[in-house]
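**Q** Take this structure, written in structure tokens, and hold onto it; I'll ask about it next.
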Amino acid sequence: MKKLINDPRAVVDESVEGFGLAHADIVTVSTEPKFITRTDAPVAGKVGLVSGGGSGHEPLHGGFVGLGMLDAAVPGAVFTSPTPDQIIPATLAVNSGAGVVHIVKNYTGDLLNFETAAEMAQAEGVEVRTVLVNDDVAVEDSLYTAGRRGVGGTVLVEKIAGAAAERGDNLEAVAAIGNRVNSNVRSMGVALTACTVPHAGGPSFDLEEDEIEIGIGIHGEPGRHKIAMENADGITDRLLDPILSDLGVDAGERVLLFVNGMGGTPQSELYIVYRRAAQVLKERGIVIERSLVGNYITSLEMQGCSLSVLRLDDEMTALWDAPVHTAALRWGI
């Protein structure tokens, strides 16, 4: 195992410390317990947004803390949910009196721990609403979930709900727009190689040299099936067809197309995937109104990608375009 680390047990602590030092103009890092807030939190009169999950998916979630997106992120150990002892103080730290929305990916540990934290925060007088992200069409159940997993669509939920909170929407409205995004986004991924969790010291799953896994999860959970390696267009079609079928998007509708890297795939290859997905959408008469390409929700150094398609309306498009200033997304300022 070759990694730029010191002690495998200190990876998350040292990474979060470095993140805080690199982006001290945007975020403040709490160490005991560990969570990240925007430097101006809590913002007076604004609904707070908190998300989190296992580390190893950077820039998710800490990279999306800042103006127009999250108010706080709570990092767990690698591929492991944060604890209520982290989530509760993060929630309290961003509460200005307008309430807090928790954005939670559909993994059993995340659900249980955020639910516990929400109950305890509400016992202290903080109104909390939860937006559950479950956009993955690959499987109904996995090693980590009951129902569909939360994957690439999480980034889109955080950006659009974050913009709604920034413009002054109330607690119910922010939660509603988050749920609306989740209802209109579908995702699916592929792994070309496994990743190596630092404390494990070996690949998280097995793939032959000429084998790939379609529908992989962001923790290396199994997908729909393993197949022989094929070209980028063929892989893209295998991901996009189930997404469009499940979403039921029709000719003339407008979408955001998101091609996400899993951490080890060059940007040039992601654009080859985007090229094919754009061709297919054009053939079907579906209008790509917005796009995003890059490594935004990763799986350590896994090679592969995921596709997400979000059905847009005028309000979601305006909220996507709204100013954002985080470590990983910045525009409109």
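**Q** Looking at the stretch 168-183, which of its residues are in a loop (DSSP other than H, G, I, E, B) and either under 18 Å from G150 (Cβ atoms) or among the small types (G, A, S) (or both)?
**A** G168, the sole residue that qualifies.
**Q** For residues that are part of a strand (DSSP E or B) and touching a Ser or Thr at 6+ places or on another chain (Cβ under 8 Å), scanning just the stretch 192-213, find the one that is surrounded by the fewest Cβ atoms within 10 Å (Cβ to Cβ).
**A** P203
**Q** If a residue must be touching a helix residue (DSSP H, G or I) at 6+ places or on another chain (Cβ under 6 Å), more than 15 Å from M188 (Cβ to Cβ) and among the small types (G, A, S), how many such residues does the stretch 233-274 contain?
**A** Looking only at that region, the number is 0.
**Q** Right, next: Kindly evaluate G252 against the criterion of being at positive phi and at pLDDT below 95.
**A** No.
**Q** Further question: Is the stretch 89-98 home to any residue that is within 27 Å of S306 (Cβ to Cβ), of a type outside the set (D, E, K, R) and in contact with a Phe, Trp or Tyr (Cβ under 7 Å, 6 or more places away or on another chain)? Spell out how you get there, then give the answer.
**A** If we filter the stretch 89-98 for residues that are within 27 Å of S306 (Cβ to Cβ), which is where we start, we get 90.
This time we only want the ones that are of a type outside the set (D, E, K, R), so: 90.
Still in the running and in contact with a Phe, Trp or Tyr (Cβ under 7 Å, 6 or more places away or on another chain): 90.
Checking the stretch 89-98: at least one residue is within 27 Å of S306 (Cβ to Cβ), of a type outside the set (D, E, K, R) and in contact with a Phe, Trp or Tyr (Cβ under 7 Å, 6 or more places away or on another chain).
**Q** Give the stretch 106-117 a look and list any residue that's surrounded by 17 or more Cβ atoms within 10 Å (Cβ to Cβ) and over 24 Å from G152 (Cβ atoms), or say none.
**A** A117
**Q** Could you list, in sequence order, all residues of the stretch 5-23 that are free of Cβ contacts under 8 Å to residues at least 12 places away in the same chain and either touching a Phe, Trp or Tyr at 6+ places or on another chain (Cβ under 6 Å) or not in a helix (DSSP H, G or I) (or both)?
**A** Scanning the stretch 5-23 gives N6, D7.
**Q** Could you grab me the full set of residues in the stretch 214-237 that are out of contact with any Leu (no Cβ under 6 Å at 6 or more places or on another chain), buried (at least 19 other Cβ atoms within 10 Å of the Cβ) and either closer than 15 Å to V139 by Cα or free of Cβ contacts under 8 Å to residues at least 60 places away in the same chain (or both)?
**A** Scanning the stretch 214-237 gives I214, G215, I216, G217, I218, H219, G220, G223, I235.
**Q** Condition test on R180, is it open to solvent by 20 Å² or more (accessible area, probe 1.4 Å), within 30 Å of D210 (Cβ to Cβ) and at pLDDT 95 or above?
**A** In short, no.
**Q** Right, something else. For the stretch 74-100, name all the residues that are in a strand (DSSP E or B), aliphatic (A, V, I, L, M) and surrounded by fewer than 23 Cβ atoms within 10 Å (Cβ to Cβ).
**A** Hits for the stretch 74-100 are A77, V78.
**Q** Return the total of residues in the stretch 1-27 being surrounded by 17 or more Cβ atoms within 10 Å (Cβ to Cβ) and closer than 15 Å to A77 by Cα.
**A** Within the stretch 1-27, the subset surrounded by 17 or more Cβ atoms within 10 Å (Cβ to Cβ) is 11-12, 15-16, 19-20, 23, 26-27.
Applying the additional criterion that residues be closer than 15 Å to A77 by Cα yields 11-12, 15-16.
Within the stretch 1-27, residues that are surrounded by 17 or more Cβ atoms within 10 Å (Cβ to Cβ) and closer than 15 Å to A77 by Cα number 4.
**Q** Follow-up question, since we're still on this one. In this structure, does T37 turn out to be modelled with pLDDT of 95 or more, of a type in the set (V, I, T) and either in contact with a Leu (Cβ under 7 Å, 6 or more places away or on another chain) or open to solvent by less than 30 Å² (accessible area, probe 1.4 Å) (or both)? Please lay out each step first, then the result.
**A** Numbers: modelled with pLDDT of 95 or more: yes; of a type in the set (V, I, T): yes; either in contact with a Leu (Cβ under 7 Å, 6 or more places away or on another chain) or open to solvent by less than 30 Å² (accessible area, probe 1.4 Å) (or both): yes.
Considered against the rule, which asks whether it is modelled with pLDDT of 95 or more, of a type in the set (V, I, T) and either in contact with a Leu (Cβ under 7 Å, 6 or more places away or on another chain) or open to solvent by less than 30 Å² (accessible area, probe 1.4 Å) (or both), T37 comes out as yes.
**Q** Quick one: count up the residues across the stretch 47-72 that are over 16 Å from V151 (Cα atoms), open to solvent by less than 10 Å² (accessible area, probe 1.4 Å) and either among the charged types (D, E, K, R) or part of a strand (DSSP E or B) (or both).
**A** Total satisfying the criteria: 7.
**Q** Next up: Does I272 qualify as being part of a helix (DSSP H, G or I), β-branched (V, I, T), in contact with a Ser or Thr (Cβ under 9 Å, 6 or more places away or on another chain) and open to solvent by 70 Å² or more (accessible area, probe 1.4 Å)?
**A** For I272, the condition - part of a helix (DSSP H, G or I), β-branched (V, I, T), in contact with a Ser or Thr (Cβ under 9 Å, 6 or more places away or on another chain) and open to solvent by 70 Å² or more (accessible area, probe 1.4 Å) - is met.
**Q** Right, another one. Which members of the stretch 275-333 meet the condition of being β-branched (V, I, T) and touching a helix residue (DSSP H, G or I) at 6+ places or on another chain (Cβ under 9 Å)?
**A** If the condition is that a residue be β-branched (V, I, T) and touching a helix residue (DSSP H, G or I) at 6+ places or on another chain (Cβ under 9 Å), then V280, I286, V287, I288, V293, I297, V309, V324, T326 are the ones that fit.
**Q** Provide a single number: the residues in the stretch 178-192 that are within 13 Å of the chain's Cα centre (by Cα), polar (S, T, N, Q) and over 10 Å from L239 (Cβ atoms).
**A** 1
The values are calculated or read from the model by the stated rules, or taken from the named source; none is laboratory data. The model shown is predicted, which means the values in this text are computed figures rather than measured ones. Every residue, glycine as well, gets a Cβ built from its backbone with ideal geometry; the counts of neighbours run over all protein chains shown. Each accessible area value is taken on the protein alone, full model and side chains, heavy atoms only, with ligands, DNA and RNA left out. Shrake-Rupley method; radii C 1.70, N 1.55, O 1.52, S 1.80 Å.
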